[in-house]
Amino acid sequence: MGRTLAGVGIVINLFVPGVGTLIMGKWLSGLVQLGLLFMVWLLRLVSFGFLDMVLWPVTGAVWLWALGGGILTYIDRSLSRRDPR
């Protein structure tokens with residue numbers, strides 16, 4: 001079950017970073033990712049020019065963090081289910 005949830009979390013993180021992380025059970029990381037994404041989108045609504053250029057890389061970093069965390073969780077759960085023999 002854990003590996004399946006991690007796989008679903010990766011797919012969901014492709015579209016909404018943070019939600020898939022929450023599904024995988026990583027509450028702190030998921031809430032921080034969603035919080036950063038929400039703050040960036042709020043700032044983007046009121047910003048112009050230079051600030052908007054700075055916010056796009058932050059969005060990309062949150063997206064990569066969510067995907068990387070999902071992939072590492074999937075690998076970790078796959079390896080933990082293997083028989084040590």
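Bear in mind these aren't lab numbers, they're just calculated from the coordinates by the rules spelled out. This is a predicted model, so every value here is computed, not measured. Backbone-built Cβ (ideal geometry, glycine too); neighbour counts: all protein chains shown.
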Compute the helix-to-body angle for 50-80: its Cα long axis versus the longest principal axis of the chain, expressed 0 to 90° and rounded to tens. 0 degrees
To the nearest 10 degrees, the tilt of helix 2-15 (Cα long axis) against the first principal axis of the alpha carbons of the chain is 20 degrees
List Val62, Val16 from most exposed to least, where exposure is judged by having the fewest other Cβ atoms within 10 Å. Val16, Val62
Could you sort the peptides 68-77, 5-14 by per-residue average Cβ neighbour count (10 Å cutoff), highest mean leading? 5-14, 68-77
Relative to the chain, whose Cα atoms define the longest principal axis, helix 27-46 and its Cα axis are tilted in degrees, nearest 10, by 20 degrees
First measure r as the distance between the Cβ atoms of Ile71 and Trp41, then evaluate 1/(1 + (r/R0)^6) with R0 = 30 Å and state the FRET efficiency to the nearest 0.05. 0.80
Taking 7 Å along the Cα-to-C-beta vector as the label spot, tell me the Trp27-Asp52 distance in nanometres, rounded to one decimal. 3.8 nm
